[in-house]
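Read-outs: derived from the displayed coordinates by stated rules, not from any lab. All values reported here derive from a predicted model rather than from experimental measurement. Note: ideal-geometry Cβ built from the backbone for every residue, glycine included; neighbour counts use all protein chains shown.
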Amino acid sequence: MSKAIRHDGGAAADRLKPLALLSLVFAGAMFGFFFAWVCSTMWGLDAADPNVAIAAMQAINASVRNWVFAPAFFGTPVLLILTALLALKVAERRTAICFALAGLVYVLGAMLPTMIANVPLNETLAMVEAPLDPVGAREAWRNYSDPWQFWNTIRATLAGVVLSLAGWGLLGMGGIPAPKDRG
């Protein structure tokens, strides 16, 4: 029997593992999303004709704001924090710390770079009217791709940290009991 059930004995403890697992899945989805851009999508676009890369990225950026991506991107930190709060309620301190840190790292390491770097770069690229002459297209793509990939690598790396923290929190359930009330 897990320590969470002994401390709480109720429905909150029964909800913790499914919520933690859902948080892990969402964190994994976002890590996978950012990681795929690092190791395949941008490399493929960099290898393409710059006019093709610009047009493709404009189309991708226009389509990414959708009903599948939005809940994953914006819902991940909400799930992580809810999991942390529920873990705290059922005296799963290590789990609570892991999920709270995961939520904080996600906001600072994935959402913030997206808002302050990647989205503005996407908006600037959206204003480029392709096709451009070959030199202009190469310069426009390089001015976009290099900083975009830098910030995306940060997002992917920190999303990996988020996934690791969520996994560690899930694996550690029942590991550190709450201190006994001495009062």
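Just a few scattered comments:
- Considering region 116-135, and only residues there that are loosely packed, with under 15 Cβ neighbours inside 10 Å and within 18 Å of Asp49 (Cα to Cα), the residue that is nearest to the chain's Cα centre (by Cα) turns out to be Ala126.
- The helices (runs of 4 or more DSSP H) found wholly in region 35-152 and carrying at least 1 residues that are among the charged types (D, E, K, R) occupy 42-47, 69-89, 93-106, 119-126.
- Residue match in region 13-29 (condition: over 30 Å from Val90 (Cα atoms) and either within 15 Å of the chain's Cα centre (by Cα) or acidic (Asp, Glu) (or both)): no
- Candidates Ala36, Ala12, Ala62, filtered to the one that is surrounded by fewer than 20 Cβ atoms within 10 Å (Cβ to Cβ) and without any contact (Cβ under 8 Å) to a residue 40 or more places away in the chain: Ala36
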